[in-house]
Amino acid sequence: MASPLRFASLGSGSRGNSTLIEWAAGTLLIDCGFSVKEANQRLERLGKCAEDLTAILVTHEHTDHIKGVAAMARRYGLPVYMTPGTWQSRDLGELPDLRLIEAYTPFVLNDLNVVPVAVPHDAREPAQFVFEYEGLRLGVLTDLGSITSHVETHYQDLDAMVLEANHDPFMLASGPYPPSLKQRVGGLWGHLSNQQAAGFLQRLNCARLQHLVVAHISQQNNSLELAQAALASVTAEVKQVTFACQNQGFDWLSVT
């Protein structure tokens, strides 16, 4: 591995989400919203296989994040980290090595510091994460409906970030979703809009930010062009901006 820390995505969107983080001592799969067969195909595209994985880390219990977690864990004997609320919200059957994240307490996985962050999302006990390794900081922040001061504090001074820009408010309001789903997606416990993501970035100290990945872009309620336009003014100083997609996610990005 050329750099101390790198990350990639198997896919990003409402039909399945999964992110990979690799460092000298391990490879971590964050969520698995795909079947075992599809996850393996997507891992192969990134030059990895399930046998390379050290553990699975789960953000919350929605199907597009947890669909393949239990099956992957059982088939390959993988430890699974999640909050008690996430574990209790779904019947995942017996897992070979369940490790509960109590009270959002940080932990260390093979020299990788993992900092769970509580976020406002319509799940039982959702978490997003900041990862620290050899002085480098990578933040993953998707699936939240609003930015709290708690979130802002944890995501300062990052070297790389995966950030949700889920929807354009006008597209959501005029789109095909029923009113209840529109309210859920656009509400305080739903998903970030392009404008919310841009406002959040304005309030962060991004001086160290090498990579910004814009993720979880809705195929029904957003477009690449709208997301790019909304974020253009706040991403000009970022060294590399990547837009993740549902089918390919994004390829390996190295943090140095």
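Numbers for the structure displayed
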read-out	value
Solvent-accessible area per residue for the chain (1.4 angstrom probe, square angstrom)	41 Å²
GLN195-THR63 pseudo-label distance in nm [points 7 Å out on the Cα-to-Cβ vector]	3.2 nm
Cut-off 16 Å (backbone N to label point 7 Å along Cα→Cβ of ASP97), residues of the range 68-82	70-82
Nitroxide proxy distance, nm - points 7 Å out along Cα→Cβ at PHE243 and GLU51	3.9 nm
Bridge type composition, the chain - antiparallel percent by DSSP, nearest 5	55 percent
Approximate spin-label separation ALA229-SER174, in nm, with each point projected 7 Å along Cα-to-Cβ	1.1 nm
Ellipticity estimate at 222 nm from DSSP helix runs (n ≥ 4, -39,500 (n - 2.57)) divided over the chain, nearest 500	-7000 deg cm²/dmol
Span per principal axis, largest first, for the Cα atoms of the range 1-102 (Å)	39, 27, 21
Extension gain from ALA236 to GLN183, taking 0.36 nm per residue of separation minus the Cα-Cα distance	15.9 nm
Fully extended contour minus Cα-Cα distance, from ARG75 to GLN41, at 0.36 nm per residue	10.7 nm
Neighbour net charge for ASP168 - beta-carbon separation under 14 angstrom, K R +1, D E -1	-1
Choice from VAL108, VAL80, VAL162 showing the highest fluctuation, given a GNM over the chain with Cα pairs closer than 10 Å	VAL108
Cross-link reach list, lysines versus LYS239, counting only Cα pairs under 28 Å and skipping chain neighbours closer than eight places	LYS48
Portion, in percent, of the accessible area of the chain that falls on carbon or sulfur, probe 1.4 Å	50 percent
Kirkwood Rh (inverse of mean 1/r, distinct Cα pairs), the chain, angstrom	18.1 Å
Local net charge near THR105, Cβ-Cβ under 14 Å (Lys/Arg +1, Asp/Glu -1)	-1
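The values are calculated or read from the model by the stated rules, or taken from the named source; none is laboratory data. Being a predicted model, the structure only gives us computed values, none of them experimental. All Cβ positions, even for glycine, are placed from backbone atoms using ideal geometry, and neighbour counts span all protein chains on display. Please note that ligands, DNA and RNA were not included when accessible areas were found on the heavy atoms of the full protein model with its side chains. Shrake-Rupley method; radii C 1.70, N 1.55, O 1.52, S 1.80 Å.
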